Amino acid sequence: MSRPSLAPIAANLPQTVPFVGPETIERRTGQPFRARLGANESPFGAAPSAQAAMALALKTIWKYGDAESHYLRLALARHHQIESDEIVVGEGIDGLLGLAVRLYAAPGTTVVTSQGAYPTLNYHAVGFGARVVAVPYRDNHEDLATLASTVQREKAAIVYLANPDNPMGSWHSAAAVEQFVDAVPQTTLILLDEAYGEFAPKGTLPPLDTRRPNVLRLRTFSKAYGMAGLRCGYAIGERQTIGAFERVRNHFGVNTIAQAGALAAIADTGHLAQVLALTAAARSRIADIALANGLSPLPSATNFVTIDCGGDAHHAGSLLAALAAQRIFIRKPMAPGLDHCIRISVGTTAELDLLASALPLAITAVGQPPRAG
Ligand SMILES: *Cc1c(COP(=O)(O)O)cnc(C)c1O
């Protein structure tokens, strides 16, 4: 039988998605996880005020939502002291990354990122026919100087930087980021992913400057706001750069419930403050658990702690598997130079108690690490 042929770009793509979800692993093994510490979610949940607003939004769910996310954009504009036409709302940062790549990286052009950085950017870049050039991390940080020089050498269409970073949890100062922005040609779009911005110490996020046509700042309700399942994020940028999203975005993609939940969440500063405090406490508990087991936690400006396990990639992978065997879900960086680490997201006290008792057993099962090469 014949069948429709795939379009050329799609024909050359692997049939994979950037992440294997914990639900997929649970279905494969037939075993639910006891602790969900791998997806950098907020176990502290969405604000009760946001949950109530979302429940109320169900009453009008028969209507198409507001395709302009008008009131959410107004509230975000007020929150950030910018104009609402300097904001586009989308289906999480993941969705906005896809649109940005489609808009600004033509097939055959180059997208520069860090080797082992957030994989969804690469997924979209390859999906729209661009070429990915990845710069290794330096001392567990994205290497700003080499990223900038690679952009120049490759005449890149887009460069991606997450600050704070996933998967290492490291961060650069606002001054260093501003210097990086100055070093990148005005013709290259800078995607500055600030998914963890709320967790970062003061002086990490540069002040918002919406005059630069080549900078997009990406924010999300998935992490500190505790609504990863909602699929709502936004980009901030110069008016015309933001306006370009009107050419390609999925107009009803940000649904009524997402708009209502995000609108309530942005107003609930009390809940956010509480989550930030709980996250900081959970982060130091994870670091203490790591230290008590002879492992080295790295400093983190996020809602997870990346831990140097003192061995090689195989050793770190075995530790991850030994935790999974005890039904503890974590993840690990995969790129060379980072892959001797594991990454543990903040959890509830009960989940971190489970981690504290499972980790020594995992270490015993795996044995002493061989020296990292
Ligand atoms: C979690 C994460 C995202 C995902 O954001 P969504 O709004 O849920 O799509 C984006 N970037 C980084 C670096 C992340 O870690």
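Within the stretch 57-71, does at least one residue satisfy the condition of being assigned to a helix (DSSP H, G or I) and β-branched (Val, Ile, Thr)?
Filtering the stretch 57-71 for residues assigned to a helix (DSSP H, G or I) gives 57-60, 70-71.
Imposing the further condition that a residue be β-branched (Val, Ile, Thr) reduces the set to 60.
There is at least one residue in the stretch 57-71 that is assigned to a helix (DSSP H, G or I) and β-branched (Val, Ile, Thr).
Confirm whether Gly270 is within 16 Å of the ligand (Cβ to nearest atom) and closer than 18 Å to Gln51 by Cβ. No; evaluated as a whole, the condition is false for this residue. Listed by first and then second residue, the pairs linking a residue in the stretch 79-93 that is over 14 Å from Phe245 (Cβ atoms) to a residue that is of a type in the set (Val, Ile, Thr) and away from the ligand (no atom under 16 Å from the Cβ), with Cβ atoms under 8 Å apart and 6 or more places separating them unless they lie on different chains, are Ile82/Thr210; Glu83/Thr210. Scanning the stretch 219-240 for residues that are in contact (Cβ under 8 Å) with a residue 40 or more places away in the chain and either more than 16 Å from the ligand (Cβ to nearest atom) or assigned to a loop (DSSP other than H, G, I, E, B) (or both) yields Phe221, Ser222, Lys223, Ala224, Tyr225, Gly226, Met227, Arg231, Cys232, Gly237, Glu238, Arg239. When Ala316 is tested against (1) touching a helix residue (DSSP H, G or I) at 6+ places or on another chain (Cβ under 6 Å); (2) among the aliphatic types (A, V, I, L, M); (3) more than 14 Å from the ligand (Cβ to nearest atom), just one condition goes unmet, and that condition is (1). Within the stretch 283-300, work out how many residues are in contact with a Phe, Trp or Tyr (Cβ under 9 Å, 6 or more places away or on another chain) and either surrounded by 21 or more Cβ atoms within 10 Å (Cβ to Cβ) or under 30 Å from Ser69 (Cα atoms) (or both). Result for the stretch 283-300: 3. Among the hydroxyl-bearing types (Ser, Thr, Tyr) and assigned to a helix (DSSP H, G or I): is that true of Thr113 in this structure? The answer is no for Thr113.
Applying the selection to the stretch 145-176, what residues are hydrophobic (A, V, I, L, M, F, W, C) and either within 16 Å of the ligand (Cβ to nearest atom) or closer than 18 Å to Lys332 by Cβ (or both)?
Passing the criteria: Leu147, Ile158, Val159, Leu161, Ala162, Met168, Trp171.
Given the condition free of Cβ contacts under 8 Å to residues at least 60 places away in the same chain, small (Gly, Ala, Ser), touching a Ser or Thr at 6+ places or on another chain (Cβ under 7 Å) and in a helix (DSSP H, G or I), answer yes or no: does some residue in the stretch 139-159 qualify? Checked the stretch 139-159: no residue is free of Cβ contacts under 8 Å to residues at least 60 places away in the same chain, small (Gly, Ala, Ser), touching a Ser or Thr at 6+ places or on another chain (Cβ under 7 Å) and in a helix (DSSP H, G or I).
FYI, it's all coordinate maths here, none of it is from the lab. This one's a predicted model, so the numbers in the text were calculated from it and none came from an experiment. Every residue, glycine as well, gets a Cβ built from its backbone with ideal geometry; the counts of neighbours run over all protein chains shown.
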